[in-house]
Structure formats: C-alpha cells, structure tokens
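K.L.:
Structure in structure tokens, see below.
The values are calculated or read from the model by the stated rules, or taken from the named source; none is laboratory data. Every value quoted in this text rests on a predicted model; they were computed, and no experiment measured them. FYI the Cβ positions are ideal-geometry reconstructions off the backbone, even for glycines, and counts take in every protein chain you see. Each accessible area value is taken on the protein alone, full model and side chains, heavy atoms only, with ligands, DNA and RNA left out. Shrake-Rupley method; radii C 1.70, N 1.55, O 1.52, S 1.80 Å.
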Amino acid sequence: MPPFVKGMQLCHDFYFEGVAPLMERHFPEVHYSAARMDGGSDVLGFDDHRSTDHDWGPRVELFFSSGDFESVGKCIYEVLSYNLPFSFKGFSTHFVNDYLMGDIDKYPITHRARTYSVDEYFTYYLGFKPANGISEIDWLRTPEQILRTIQSGNIFHDGLSAL
C-alpha cells in the first residue's frame, strides 16, 4: 500500500492530473464544474490511513447543466472508464461494490469520477431541489452532516458559473 495521503489532496490531484486532461482532449466544448463534496471523512478532513478501507480513494464529482448532462453525461463516464489509469499515486481508480478500491488490469474500470446534472445531484443528495427554493420543512429535514459535507467540499473547476 502506498504511503497515506489526505483524501482531498488525492482527489484534487486526480482531477487535475487524470480527469481534466481527458475532459480537455475529448470534450473541449463542454462546460462543467468539478468538485469533491459528498459524504466522506476525506471531505471533512478527518480521514486517516484507516479510511482507505472503504469509500475512499481517487474521486471527483463532475457537474453539468441538465442539457449537457442528458447529451454527454453517460458518454463522459464511459470515456473515462476506458482512459483513466488503473491506479493513481498508487491507489486503484477501480471501485468494487461502489465503495472499495480494487485492483484491475483491463478496461473498462468502474471509477468514481461521477457525472451529474446540477439539479439531479442536489435533489438526490439533499432530498429536494434547491433551485426551487428551500422551505422551512426542507431545511429542518436536512441532516447537519449533509450540509457540512457540502460546505466542507472543494471545488476544483467551476466552468458552470460563467453560463
């Protein structure tokens, strides 16, 4: 096992060294944002070497407008499945059962550079669509942990703010 590195740093580097160059090469006209902000000890900065046993590793969330997501979201995931390296800085980019890193030596890989429309992601993660406004009920039903992981996450690339 390679030496431990904080998960947020690993995800930052994974985006800039692995995902971003592939996006530039294969999808130069697509506007998107990239972040690491959903659940996980790495998002909150509490990860340590024990965290590597589950739901930890080279990950990034890629966000698209609804129209771009519908037209290219699945294609982007697939292109990354066949072009990302099998490992990054000694950590597998392939995930087994969606949360455990596992070694692999053939494509496609099941990676955690996930693609979402902004609306889809926040509706799924929060349980409501913030673009429609946040009611008192929405606010009270949202666990503080969820809000904390969004606030604590890092945005690596914000290509949607210019739209």
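K.L.:
Scan the range 63-90 for residues that are under 11 Å from residue 116 (Cα atoms), open to solvent by 70 Å² or more (accessible area, probe 1.4 Å) and not basic (Lys, Arg) and report the count.
P.N.:
Counting residues in the range 63-90 that are under 11 Å from residue 116 (Cα atoms), open to solvent by 70 Å² or more (accessible area, probe 1.4 Å) and not basic (Lys, Arg) gives 1.
K.L.:
Something else now. Hey, among 43, 30, 60, which residue is part of a helix (DSSP H, G or I) and either among the hydroxyl-bearing types (Ser, Thr, Tyr) or surrounded by 15 or more Cβ atoms within 10 Å (Cβ to Cβ) (or both)?
P.N.:
Values: 30 fails: part of a helix (DSSP H, G or I); 60 fails: part of a helix (DSSP H, G or I).
Among 43, 30, 60, only 43 is part of a helix (DSSP H, G or I) and either among the hydroxyl-bearing types (Ser, Thr, Tyr) or surrounded by 15 or more Cβ atoms within 10 Å (Cβ to Cβ) (or both).
K.L.:
Are any residues in the range 1-27 surrounded by 14 or more Cβ atoms within 10 Å (Cβ to Cβ) and among the acidic types (Asp, Glu), and if so, which ones?
P.N.:
Answer for the range 1-27, where residues must be surrounded by 14 or more Cβ atoms within 10 Å (Cβ to Cβ) and among the acidic types (Asp, Glu): just 13.
K.L.:
For the range 75-87, indicate whether the set of residues that are within 16 Å of the chain's Cα centre (by Cα), closer than 17 Å to residue 38 by Cβ and touching a residue at least 60 places away in the same chain (Cβ under 8 Å) is non-empty.
P.N.:
No, because not a single residue in the range 75-87 is within 16 Å of the chain's Cα centre (by Cα), closer than 17 Å to residue 38 by Cβ and touching a residue at least 60 places away in the same chain (Cβ under 8 Å).
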